[in-house]
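What follows is a short report on a single structure.
Just so it is clear, none of the values below were taken in a lab; they were calculated from the coordinates. Model, not experiment: these values are computed from the prediction. Positions of Cβ are generated from backbone atoms using ideal geometry, with glycine treated the same way; all protein chains shown enter the neighbour counts.
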Amino acid sequence: MKDEKAILYVQTSNDPTRQYSPLVLAQAAKAMDLNPTVYYLGMGLTVLRPGEAEKMQLGSFPTVREMLDKTLTMGIPILVCEASKQMLGWEKVDLIEGVKIVGAATLNDLALDAGATMWF
């Protein structure tokens with residue numbers, strides 16, 4: 001069933017300049033009483049390894065790790081693609097606490113059910 005208040009933000013990149021937009025937008029959506037979800041796919045997963053997001057900071061923004069922590073604290077789900085994990089050759093990998101690894105079909109379901117989907 002379509003949830004017009006649901007917005008799906010898909011992060012496909014590990015480029016530091018592309019990390020903030022989905023997190024800022026998801027936090028704003030939550031403040032607007034919408035239902036945001038952030039989904040990490042492909043090379044985006046590398047940002048979720050402990051120690052990586054702490055190294056990323058642009059301008060006067062907090063580090064990407066601080067942004068991720070705030071996103072999770074706000075109750076916004078951060079999902080991680082299992083197939084992408086396999087693509088990167090990560091059989092066992094530590095990711096930051098709070099993210100949830102899900103199957104690839106989850107992305108399709110979320111996209112079909114969301115009122116809007118944005119890709120980064």
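Note that region 63-117, at 25 °C in a medium of 0.890 mPa s, gets a Stokes-Einstein diffusion coefficient of 194 µm²/s from its Kirkwood radius over C-alpha pairs. Note on the chain: helix-only mean residue ellipticity at 222 nm, from DSSP H runs of 4+ residues weighted -39500 (n - 2.57) and normalised by residue number, equals -9000 deg cm²/dmol. Rg then Dmax, both in Å and based on the Cα atoms of region 6-62: 11.7, 31. Which Cα, out of L25, N35, A116, lies furthest along the positive dipole direction of region 3-119 (beta carbon charges, K/R +1, D/E -1)? Farthest towards the positive pole: L25. Which residue, A83, A104, A31, tops the fluctuation ranking in a GNM of the chain built on C-alpha contacts under 10 Å? Looking only at A83, A104, A31, the biggest GNM fluctuation is shown by A31.
Excluding same-chain neighbours fewer than eight residues apart, the aspartates and glutamates reachable from K2 by a Cα-Cα span under 12 Å are D109, D113. On the principal axes of its alpha-carbon atoms, the chain has extents of 37, 35, 21 Å, going from largest to smallest.
Figure legend: label point modelled 7 angstrom from the Cα of L112 along Cα→Cβ; residues of region 1-33 with amide N under 14 Å from it are 1-3. Per-residue extension of 0.36 nm, minus the Cα-Cα distance of D3 and M32, leaves a gain of 9.0 nm for this segment. For region 3-119, the relative contact order comes to 35 percent (Cα pairs under 8 Å, sequence separation of at least 6).
Distance between the pseudo-spin-label points of K92 and F61 (7 Å out from Cα toward the beta carbon): 3.4 nm. For region 1-54 and region 83-102, compute the distance between their C-alpha centroids and round to whole Å. If we compute the Cα centre of each part, the gap is 16 Å.
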